[in-house]
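Bear in mind these aren't lab numbers, they're just calculated from the coordinates by the rules spelled out. Computed from a predicted structure; not experimentally measured. Every residue, glycine among them, receives a Cβ derived from its backbone with ideal geometry; neighbour counts consider all protein chains shown.
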Amino acid sequence: MKNNSILKQYMAKKYFFIMFFPVILYYLVFHYGPMYGVIIAFQDYQFLKGIFGSPWVGLDNFRDLFNNDYFWVVLRNTLLINGYKLLFGFPAPIVIALMINEVARPLLKRAIQTVSYIPHFLSWVVLSGLVIEFLSPSRGPINDVLMQLGIEPVYFITEESWFRSILVASDIWKHVGFNTIIYLAAIAGINPEMYEAAEVDGISRIQKALYITLPSIAPVIIIMLILSTGSIINDDFEQVFNLLNVKVMNVGDVLSTYTYSEGLVRMNYSYAAAVGLFKNIVALILVLSANALARRVNRDSAIF
């Protein structure tokens, strides 16, 4: 009887599942299907012999990985850059959402939202070009200001001391507007009677944000934090690849660009697969740990 009841519930929502089917198919074909290829991380993969004909080497590729001094430099860069992105980039859309929510004029509110999330729909090829031009020592407005003040122009993109800051700032610029939409949607679901009662009590706008808005959207914030935790090890390849140059490799080369260099440039496929597998395992552990912590703090905020 219980099985029949569950089946009836599924049948009642069958059109929703039909709409969801293309998404499932996409992940099966492009994400789960190719997963058998990770076995080359345990092989001395040879292109002509293929996956099933290449000799097995066990954990040799992982031993080479952990004995490679440059791998630890790349891992450090990845953790630092993505740690900064999480530290500064995660609160940014929350703050902007709270500020937009306080804007009284609907037209101004829509204009701010539109301007802020336009960069999300531009590729990193375009945005990287804009960043490079903006910071150019000969044409960039920042260096124009510096020269007007009598300061020598700085080629920020090739300076190790500036490169990580540029990555973090440009990442926030690209994603902050779109992430703001998520929090604005959560804010829109708050019962307006809570604000009306607060106005009767005479509390300020800042107090409304601190004591009503933030606690009400806390479950959404925690879920977004859990999803963002995996990004500490999973960097943005397109961004780094388009901005990286030989002068900042020691501070800018990350796991994804390192995997690209080893796998596609040097054709060291097995070693690159070992790097990718290591990165994904660590990301999974981080997400599961963050979810377990969220479950302890607030069970309703955990994803699973």
> What are the extents of the Cα atoms of the chain along their three principal axes, listed from largest to smallest and rounded to whole Å?
Replying inline: 82, 74, 34
> Could you give the distance between the Cα centres of the stretch 178-192 and the stretch 107-161, to the whole Å?
Replying inline: 29
> Which loop-located trypsin sites (Lys or Arg not before Pro) does the stretch 57-146 contain, where loop means any DSSP state but H, G, I, E or B and the Cβ has at most 14 other Cβ atoms within 10 Å?
Replying inline: R139
>> Let me check I've understood the local charge: for E152, count other residues with C-beta under 13 angstrom from its C-beta, Lys and Arg +1, Asp and Glu -1. What total comes out?
In response: -2
>> Can you tell me which of H120, H175, H31 moves the most in a GNM of the chain? Springs connect C-alpha atoms under 10 Å apart.
In response: H31
>> Taking R0 as 45 Å, what FRET efficiency do you get between M11 and L130 from their Cβ-Cβ distance, rounded to the nearest 0.05?
In response: 0.35
>> Test of the criteria: in the stretch 45-144, which chymotrypsin sites (Phe, Trp or Tyr not before Pro) are in a DSSP loop and have at most 14 other Cβ atoms within 10 angstrom of their Cβ?
In response: F47, F52
> the stretch 189-253: which trypsin sites (Lys or Arg not before Pro) are DSSP loop and have at most 12 other beta-carbon atoms within 10 angstrom?
Replying inline: none
> What's the percent breakdown of Cα-Cα distances in the stretch 98-227 across 10 Å bins, shortest bin first?
Replying inline: 11, 28, 27, 20, 12, 3
